[in-house]
Amino acid sequence: TSNHLRHVESLATLPSGAGRISKLNAVILGESLASEEDDLVFPSGDFSRQAHVPSPQKYLDMYKMSIEDPAGFWSDIASQFYWKQRWGQPVYSENLDIRKGRIKIEWFKGGMTNICYNCLDRNIESGNGEKTALFWEGNEPGEDGNLTYNQLLQRVCQLANYLKHIGVKKGDAVVIYLPMLMELPIAMLACARIGAVHSVVFAGFSAESLAQRIMDCKPKVVITCNAVRRGSKIIYLKDIVDAALADSAQNGFAVDVCLTYENCSALEKVKTKWQEGRDTWWQDVVTKYPTTCDVEWVDAEDPLFLLYTSGSTGKPKGVLHTTGGYMVYTATTFKYAFDYKPSDIYWCTADCGWITGHSYVTYGPLLNAATVVVFEGAPNYPDSGRCWDIVDKYKVSIFYTAPTLVRSLMREGDEYVTRYSRKSLRILGSVGEPINPSAWRWFYNLVGDSRCPISDTWWQTETGGFMITPLPGAWPQKPGSATFPFFGVQPVIVDEKGVEIEGECSGYLCVKSSWPGAFRTLYGDHERYETTYFSAFPGYYFSGDGCSRDKDGYHWLTGRVDDVINVSGHRIGTAEVESALVSHPQCAEAAVVGVEHEVKGQGIYAFVTLVEGVPYSEDLRKSLVLTVRNQIGAFAAPDKIHWAPGLPKTRSGKIMRRILRKIASRQLDELGDTSTLADPSVVDQLIALADS
Ligand code: WTA
């Protein structure tokens, strides 16, 4: 048995049922246990009996198969999908070892398929045509809609036909900048149907960020809408797109078409600025096209989408996912981690602008013929009970969200939750950052009435789908632990030298072999792919996360170990925020670190030095924050600006972030050795200015 399997086998030695009552009671009563690691929360016997994976033993059997024979394991699953032509041999080929040559990951190469066909046509053929595919809940309560699988296919085909008509071909990029309307998954699926590569940009990104992404992938068309309501605000998205398109055109790249969906019908069309020849209303053109559209069969390794994400250095990276492996992987992880059954109603609160919305609003659930709730609005509008109102309205049985939302609702008081029945709920899910045990317990005890297992899914934009996640009926959970690896995933924990560590330990989380949903490259920059992810610890994919493993083999994610901050579950590179700050004419230098934040998980803390002679003022602070909002987006706005006459640097000029992190978190007695600084007195200055 490999070392890796041994960690997982420790599961089998866990007490099953013994101690169940006393420990569960302790959890419900909120008693603190001797150690979090000993805190086991068991699924009920009834829950386990009906689950796809009902016991640790069943998991172990399947897991072993997936590791010992990945080709066989994944081929069996892949065969359940429609392939125009079956894949060739070998089923997969990989090189994750930079010392042996170029990094390469391929799955099901030679197989011809189409993910849109598998989401829609295939499910319709098997009798799901009249099943609801999407429930749409608008920002305003009472504003809603829905589409069956048949209707969704028709809508997708109309848009696909339109895109073909304006010249979008297989392999072309399409940028989508839309809020959570049904048109967003429709646009993604339409691209997939014709083999175009979608690049969805979260509609909270600024014009500048959007322009950057447009210039990088050079789409023929940008799909957007005139405006969106979010809570009590109206955001004029088309104005942002106009600015981005002007910016991009000035830099030598002009898109042919800006397809604009008319949302917020209360707003008059005339208010939207229009560039004749380039701008087209969706409703004026798309609805004229036929409701059937032939599928473009693509190779399993043809690109499906690009999604930009932040790294520790430089501009955002275009993570590229291909078709076949991603399809098989998102569908399978969805089915097992949420113990999905055809009668489930599924709601994931993520926006399709992030990976969670790609894999677990659109592709994973639709591949399983699931009914998906798409929510346009804000979870605290009109009040903090909105989520549970939606759960009751649609009888949601699987509810998947982020710890930041759990924490923010927790602060509003239990009343907003207990006002609603929530009886339909069966499973809860968490993603985006570690969920702290107290938020876990509130979610479990209050929202789920101590009845619903929580799937705390650890994964990344790069991994395409879940990597470490509970299988809810299979084993007891520990609040705050993502538990065990999914089938086919071999996580390892390594030390600074890249040596795998055994047993109870903590270190850097890596993965030692490929899985079907892995990203294949960074768009246009395979070298950056290799250096960012495969060079730190040769032989492994390095996640950028720290992790520890306890005596029972459970995994505990401890957060990023690189210069990436995780704010409300959104990844932001410190370098991006710094470069936005220094673009301000009065800012000389900036250093950004993450600090603990009660609701957001991490907050953004920025140290800035000013241009000689410029005094620091409240107006300047506001204008610095505004600069970041304008350049990246509101979600990246610093929580704190700390004016610094000087920054702590080594004699060679390197900023010592370790010290800045301690100052930011006010752990002033843990500053450590400051004698190697070029000017140790800047530290005292910074401390003196900390709360000014
Ligand atoms: C963090 C989001 C702990 C982690 C799917 C990772 C988590 C980054 C969890 C990826 C979790 C995500 N527990 N940490 N369950 N899920 N993370 O690319 O730091 O937006 O590296 O993908 O989020 O963020 P990304």
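The values are calculated or read from the model by the stated rules, or taken from the named source; none is laboratory data. Bear in mind the structure is a predicted one, so any value in this text is a computation, not a measurement. Quick reminder, even Gly has a Cβ in these numbers, built from the backbone with ideal geometry, and neighbours come from all protein chains shown.
Data table
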read-out	value
Among the candidates Gly413, Gly480, Gly432, residue that is within 30 Å of Glu143 (Cβ to Cβ), within 16 Å of the ligand (Cβ to nearest atom) and either of a type in the set (S, T, N, Q) or assigned to a loop (DSSP other than H, G, I, E, B) (or both)	Gly432
Some residue of the stretch 600-612 being in contact with a helix residue (DSSP H, G or I) (Cβ under 9 Å, 6 or more places away or on another chain), within 14 Å of the ligand (Cβ to nearest atom), under 26 Å from Ile214 (Cβ atoms) and of a type in the set (Lys, Arg)	no
Subset tally (residues that are touching a residue at least 24 places away in the same chain (Cβ under 8 Å), away from the ligand (no atom under 16 Å from the Cβ) and either within 17 Å of Pro403 (Cα to Cα) or more than 26 Å from the chain's Cα centre (by Cα) (or both)) for the stretch 566-590	7
Matching residues, the stretch 441-463, being farther than 16 Å from Ala482 by Cα and within 13 Å of the ligand (Cβ to nearest atom)	Thr461, Glu462
Sole exception among (1) without any contact (Cβ under 8 Å) to a residue 60 or more places away in the chain; (2) more than 23 Å from Val168 (Cα to Cα); (3) of a type in the set (A, V, I, L, M, F, W, C) for Ile223, by number	(2)
Qualifying positions in the stretch 395-418 - crowded, with 21+ Cβ neighbours inside 10 Å and of a type in the set (Phe, Trp, Tyr)	Phe399, Tyr400
Which numbered condition Gly318 fails, given (1) in contact with a strand residue (DSSP E or B) (Cβ under 8 Å, 6 or more places away or on another chain); (2) under 27 Å from Gln158 (Cα atoms)	(2)
Which numbered condition Val511 fails, given (1) farther than 22 Å from Ser48 by Cα; (2) away from the ligand (no atom under 15 Å from the Cβ)	(2)
Count of the stretch 678-692 residues which are in contact (Cβ under 8 Å) with a residue 24 or more places away in the chain and assigned to a helix (DSSP H, G or I)	5
Checking Ala369 against (1) among the hydrophobic types (A, V, I, L, M, F, W, C); (2) on the phi > 0 side of the Ramachandran plot; (3) in contact with a Cys (Cβ under 6 Å, 6 or more places away or on another chain), the condition it does not meet	(3)
Options Gly573, Gly544: the member that is touching a Gly at 6+ places or on another chain (Cβ under 9 Å) and over 18 Å from Ser209 (Cβ atoms)	Gly544
Segments classed as strands (runs of 3 or more DSSP E), wholly inside the stretch 570-677, with at least 2 members that are among the charged types (D, E, K, R)	587-597
Test result for Trp475, within 13 Å of the ligand (Cβ to nearest atom) and buried (at least 21 other Cβ atoms within 10 Å of the Cβ)	no
Helices (runs of 4 or more DSSP H) contained entirely in the stretch 1-101, each with at least 1 residues that are at pLDDT 95 or above, of a type outside the set (Phe, Trp, Tyr) and surrounded by 15 or more Cβ atoms within 10 Å (Cβ to Cβ)	56-68, 70-78
Answer from Pro185, Pro219 - the residue that is within 19 Å of the chain's Cα centre (by Cα), closer than 21 Å to Thr309 by Cα and buried (at least 19 other Cβ atoms within 10 Å of the Cβ)	Pro185
Every pair of residues 6+ apart whose Cβ atoms lie under 9 Å, when the first sits in the stretch 193-206 and is under 24 Å from Glu376 (Cα atoms) while the second is surrounded by 24 or more Cβ atoms within 10 Å (Cβ to Cβ) and polar (S, T, N, Q)	Val201/Ser209; Phe202/Ser209; Ala203/Thr224
Restricting the stretch 514-565 to residues that are over 13 Å from Gln460 (Cα atoms) and among the basic types (Lys, Arg), the residue that is farthest from the ligand (Cβ to nearest atom)	Lys551
Verdict on Val593 being farther than 30 Å from Asp39 by Cβ, away from the ligand (no atom under 13 Å from the Cβ), aliphatic (A, V, I, L, M) and under 22 Å from the mean Cα position of the chain (by Cα)	yes
Those residues of the stretch 122-138 which are among the β-branched types (Val, Ile, Thr) and more than 22 Å from Trp83 (Cβ to Cβ), in sequence order	Thr132
Flag for Ser126 being farther than 17 Å from Met188 by Cα and in a helix (DSSP H, G or I)	yes
Test: Leu405 is modelled with pLDDT of 95 or more and either in a loop (DSSP other than H, G, I, E, B) or among the basic types (Lys, Arg) (or both)	no
Leading residue by the ranking (nearest to the chain's Cα centre (by Cα)) among those in the stretch 341-378 that are within 16 Å of the ligand (Cβ to nearest atom) and part of a loop (DSSP other than H, G, I, E, B)	Trp354
Filter result for the condition that a residue is among the β-branched types (Val, Ile, Thr), over 22 Å from the mean Cα position of the chain (by Cα) and crowded, with 24+ Cβ neighbours inside 10 Å, over Val156, Val174	Val156
